[in-house]
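The values are calculated or read from the model by the stated rules, or taken from the named source; none is laboratory data. Predicted model only: the values in this text are computed from it and were never measured. Methodologically, a virtual Cβ is constructed for each residue, glycine included, from the backbone with ideal geometry; neighbour enumeration extends over all protein chains shown.
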Amino acid sequence: MLPKKYQGLNRHLMTKRSATGLGLFTKERIKKGEFIIEYTGTILNAKEANKKGGKYLFETSKNRFIDGTTRSNTARYINHSCAPNCEIDIIRGHVCVFSKRTIEPGEELFYDYEKEYFDEHIKPFGCKCTKCVSKNLK
């Protein structure tokens, strides 16, 4: 069960177009270290996850995955960045998103998708995060 201090917390977030498709943006100021949202979905074991595949599988342990494909999983719209403003913490099997720094209203939320996902789904097409795009313009 998600710790009580995070249950029922409703951030003012919105999904809208971003540089890489749809993204999740905050409508409020979020202080450094604060809980933002939980990544939710159907729980799968490793066999089910391998059979299903897809971009929205989140591994929480060796044999437990969350399939966040459903659109009701608002956290699925958080995009990758090599310079993220959010980070993931797995708490009792729950994928929790926290702010790495203070995030101002109107900012898009990003976390680092990590090496395995990055190598499989992002690297072949080139990273389009702000850090990499600006680096490539120089």
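Looking at LYS55, LYS32, which is the one that is touching a helix residue (DSSP H, G or I) at 6+ places or on another chain (Cβ under 7 Å) and part of a loop (DSSP other than H, G, I, E, B)?
LYS55
Just to be sure before I move on: is ILE43 of a type outside the set (Phe, Trp, Tyr), modelled with pLDDT of 95 or more and surrounded by 14 or more Cβ atoms within 10 Å (Cβ to Cβ) in the structure I sent? So that I can check it myself, show each step before the final result.
Values: of a type outside the set (Phe, Trp, Tyr): yes; modelled with pLDDT of 95 or more: yes; surrounded by 14 or more Cβ atoms within 10 Å (Cβ to Cβ): no.
When the stated conditions are applied, ILE43 does not pass them.
I'm told GLY93 meets every condition in (1) of a type outside the set (D, E, K, R); (2) over 16 Å from LEU24 (Cα atoms); (3) within 11 Å of the chain's Cα centre (by Cα) except one. Can you identify the failing condition by its number?
(3)
I'd like the full set of residues that are in contact with a helix residue (DSSP H, G or I) (Cβ under 6 Å, 6 or more places away or on another chain), over 28 Å from THR102 (Cα atoms) and either part of a loop (DSSP other than H, G, I, E, B) or modelled with pLDDT under 95 (or both), limited to the stretch 58-87.
Correct list: ASN63 only.
For the structure I just gave you, tell me whether ILE43 is out of contact with any His (no Cβ under 7 Å at 6 or more places or on another chain), of a type outside the set (Gly, Ala, Ser) and closer than 23 Å to CYS129 by Cα. Let's see the steps before the verdict.
Working: out of contact with any His (no Cβ under 7 Å at 6 or more places or on another chain): yes; of a type outside the set (Gly, Ala, Ser): yes; closer than 23 Å to CYS129 by Cα: no.
When the stated conditions are applied, ILE43 does not pass them.
Condition check ((1) among the polar types (S, T, N, Q); (2) touching a Phe, Trp or Tyr at 6+ places or on another chain (Cβ under 7 Å)) across all residues:
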position: ALA19; (1), (2): no, no
position: LEU22; (1), (2): no, yes
position: PHE25; (1), (2): no, no
position: GLU28; (1), (2): no, no
position: SER81; (1), (2): yes, yes
position: GLY93; (1), (2): no, no
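Are any of the residues in the stretch 12-28 under 23 Å from GLU120 (Cα atoms) and assigned to a loop (DSSP other than H, G, I, E, B)?
yes
Go through (1) in contact (Cβ under 8 Å) with a residue 60 or more places away in the chain; (2) part of a loop (DSSP other than H, G, I, E, B); (3) over 19 Å from ASN10 (Cβ atoms) and name the single condition HIS121 misses.
Looking at each condition in turn, HIS121 falls short on (2).
Can you find even one residue in the stretch 10-33 that is of a type in the set (Val, Ile, Thr), within 14 Å of GLY93 (Cα to Cα) and in contact with a Ser or Thr (Cβ under 9 Å, 6 or more places away or on another chain)?
No, because not a single residue in the stretch 10-33 is of a type in the set (Val, Ile, Thr), within 14 Å of GLY93 (Cα to Cα) and in contact with a Ser or Thr (Cβ under 9 Å, 6 or more places away or on another chain).
List, please: which pairs have Cβ atoms under 6 Å, are six or more places apart or on different chains, and start with a residue in the stretch 42-66 that is over 17 Å from ILE91 (Cβ atoms) and end with one that is among the β-branched types (Val, Ile, Thr)?
TYR56/THR69
Within the stretch 46-65, how many residues are surrounded by fewer than 14 Cβ atoms within 10 Å (Cβ to Cβ) and either under 18 Å from HIS80 (Cβ atoms) or touching a His at 6+ places or on another chain (Cβ under 7 Å) (or both)?
2
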